[in-house]
Amino acid sequence: MNKVVLVTGANSGIGLALCERLLSQDTEGLQLCLACRNMRRAQAARSALLASHPTAQVALLQMDTSSISSVIAAAQEVKLRYTRLDYVYLNAGIMPNPQFDVKAFFRGLFSSHIITMFATGEGILTQKDGVTADGLQEVFATNLFGHFLLIRELEPVLCREGRTSQLIWTSSSNAHRSAFNMEDVQHQKGTRPYSSSKYASDLLSLALNTHYNKQGLYSSVICPGFVMTNLTYGILPSFPDFLWTLLMPLFWLIRMFTNTFTLTPFNGAEALFWLFKQKPESLDPQAKYHSLTSGLGQKLHPTA
């Protein structure tokens, strides 16, 4: 029986790399649905996947996780198309208007915290959040609430008697407890909404397991490591290409000292891909599974 897989934020970066890896393993036994906000980019992603896997079943779904009406409409469409979902990868996310502290960055370059600084962005990144048309904080809505609403709307196709389904969240090493406040879950008063939203998704995954495991629905969290994606490049949008080129040897050097510098979307998707092959009942509901690479860039077995 074909496995039905829904991936949010699937038109680039880690999401697209995951789709490519899934299809490379099993083209015939997979129904893949790319849930994306930008349909032009989604069409381009679908075309790229079909160019490599002409017989693959790759459908598109328009969904903006920052919009309540878009999520509800997308969920209704999913329930019309599918009688069940086996996997939902909650991968869509934004880090809007990141502010980069240049002084803190150069201080960190010559300190013992250089690896932590690059791996987590701690101490050098803040963001300016916005407000959606629904009146929610943009990062909270996009990274967390839209996905939570999607899960609730998709309960009929996720919780099926006699079958298991799996939710898999793309979290971050930037998910810091210090950024999250239960009195301000939308992070209206802080300057680290991305970090707060990712920590909140880690907590939500725990709560979802408590609520849904008896109904056959399991939730897991992964950390892709430090990956060069559009999100990463967006941190320094004014950086010319040659400066990123100059930084890459430094990243390769740092990778010799930490296995969280996955760098490529292919390697960053390792934990997402690994979870696809596991029985959800056997997983630790409190674990965060990390994509890892060796110093030479070879993917390693994910660890919790």
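The values are calculated or read from the model by the stated rules, or taken from the named source; none is laboratory data. What you see is a predicted model; the values in this text were computed from it and never measured. Cβ: placed from backbone, ideal geometry, glycine included. Neighbour counts: every protein chain shown. The protein model used for the area step is the full one, side chains on, heavy atoms only, and it has no ligands, DNA or RNA in it. Shrake-Rupley method; radii C 1.70, N 1.55, O 1.52, S 1.80 Å.
Just tell me which aspartates and glutamates come within less than 18 Å, Cα to Cα, of Lys279; anything on the same chain fewer than 8 places away is out.
The qualifying aspartates and glutamates are Asp26, Asp86, Glu161, Glu270.
Starting from the 7 Å offset along Cα-to-Cβ, what nm value, one decimal, do you get for the label separation of Ala73 and Ala304?
4.1 nm
How far apart, in nm, are the 7 Å Cα→Cβ label points at Ser52 and Gln215?
About 3.5 nm separates the two model spin labels.
Using a 1.4 Å probe, what is the accessible area per residue for the stretch 148-209, in Å²?
Details: 2680 Å² over 62 residues.
Counting only protein heavy atoms, the per-residue value for the stretch 148-209 is 43 Å².
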